[in-house]
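For reference, the structure discussed in these notes is given below.
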Amino acid sequence: MTQPVSLAQAVRRGFTMRCPNCGKGHLFRRFLKVVDHCEVCDEDYTPQRADDFPAYLVIVVVGHVVVPALLAVEIAYAPPAWLQLAIWLPVTLFSSLALLQPTKGAIVGLQWQTGMHDFAESKNRRSASSTKSTQSTNTTSMKSHALI
Ligand SMILES: [Zn+2]
């Protein structure tokens, strides 16, 4: 019997770049290339359509951190422009690269758990199997109840 995966759990597993279904297999085969199937549970990830959404999210998050920090440094210390560039360009570049893969993983986890795009078939299969396990549990409890 498998427990259904919650939305938060699927997004968390994706953010840690693990398979949203089992949490063990790798979600990426290269930097931003999602695996076709999980090596552990064989879940199909070909229906994922994260597209540019992870990049938009990373731009929003990094922009909301870097721009206020840059302005605070400018107001407090008024350093020369070359020093501001020397600090904030690498910070922006490395934080964007560091967040891009986990953010894409989280988006794939979100799409998988909610059944977006062609993940609907996978979601229906998961719902059917959890319903079956619930029914078998109910049948077992009815049988044990009948024996009492
Ligand atoms: Zn898996």
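The values are calculated or read from the model by the stated rules, or taken from the named source; none is laboratory data. All values reported here derive from a predicted model rather than from experimental measurement. Every residue, glycine as well, gets a Cβ built from its backbone with ideal geometry; the counts of neighbours run over all protein chains shown.
Just to be sure before I move on: is PRO90 more than 16 Å from the ligand (Cβ to nearest atom) and surrounded by 12 or more Cβ atoms within 10 Å (Cβ to Cβ) in the structure I sent? Taking the combined requirement at face value, the residue does not satisfy it. When restricted to residues that are assigned to a loop (DSSP other than H, G, I, E, B) and either more than 30 Å from HIS117 (Cα to Cα) or hydroxyl-bearing (Ser, Thr, Tyr) (or both), segment 51-81 contains 3.
Selection of segment 21-48 for residues being of a type in the set (A, V, I, L, M) and in contact with a Gly (Cβ under 7 Å, 6 or more places away or on another chain) yields LEU27, VAL40.
Give the residue, chosen from GLY14, GLY25, that is within 16 Å of the ligand (Cβ to nearest atom), free of Cβ contacts under 8 Å to residues at least 24 places away in the same chain and not aromatic (Phe, Trp, Tyr).
Values: GLY14 fails: free of Cβ contacts under 8 Å to residues at least 24 places away in the same chain.
Just one listed residue meets the conditions, GLY25.
Sort through GLN101, GLN48, GLN84, GLN111 and tell me the only one that's within 16 Å of the ligand (Cβ to nearest atom) and in a helix (DSSP H, G or I).
Being within 16 Å of the ligand (Cβ to nearest atom) and in a helix (DSSP H, G or I) holds for just one of GLN101, GLN48, GLN84, GLN111, which is GLN111.
With respect to the stated conditions, VAL35 fails to be surrounded by 12 or more Cβ atoms within 10 Å (Cβ to Cβ) and away from the ligand (no atom under 16 Å from the Cβ).
Scanning segment 2-23 for residues that are aliphatic (A, V, I, L, M), at pLDDT 95 or above and not in a helix (DSSP H, G or I) yields a single hit, MET17.
Being more than 19 Å from ALA106 (Cα to Cα), out of contact with any strand residue (DSSP E or B) (no Cβ under 7 Å at 6 or more places or on another chain) and surrounded by 13 or more Cβ atoms within 10 Å (Cβ to Cβ) narrows it down to one of VAL62, VAL66, so name that one.
It is VAL66.
Only one of the numbered conditions (1) more than 30 Å from SER122 (Cα to Cα); (2) among the hydroxyl-bearing types (Ser, Thr, Tyr); (3) touching a strand residue (DSSP E or B) at 6+ places or on another chain (Cβ under 6 Å) is not met by TYR45, and that is (1).
Scanning for something on the phi < 0 side of the Ramachandran plot, in a loop (DSSP other than H, G, I, E, B) and in contact (Cβ under 8 Å) with a residue 60 or more places away in the chain, does segment 33-43 turn up at least one residue? Yes, segment 33-43 contains a residue that is on the phi < 0 side of the Ramachandran plot, in a loop (DSSP other than H, G, I, E, B) and in contact (Cβ under 8 Å) with a residue 60 or more places away in the chain. For segment 1-11, a tally of residues being in contact (Cβ under 8 Å) with a residue 40 or more places away in the chain and either near the ligand (Cβ under 10 Å from one of its atoms) or aliphatic (A, V, I, L, M) (or both) returns 5.
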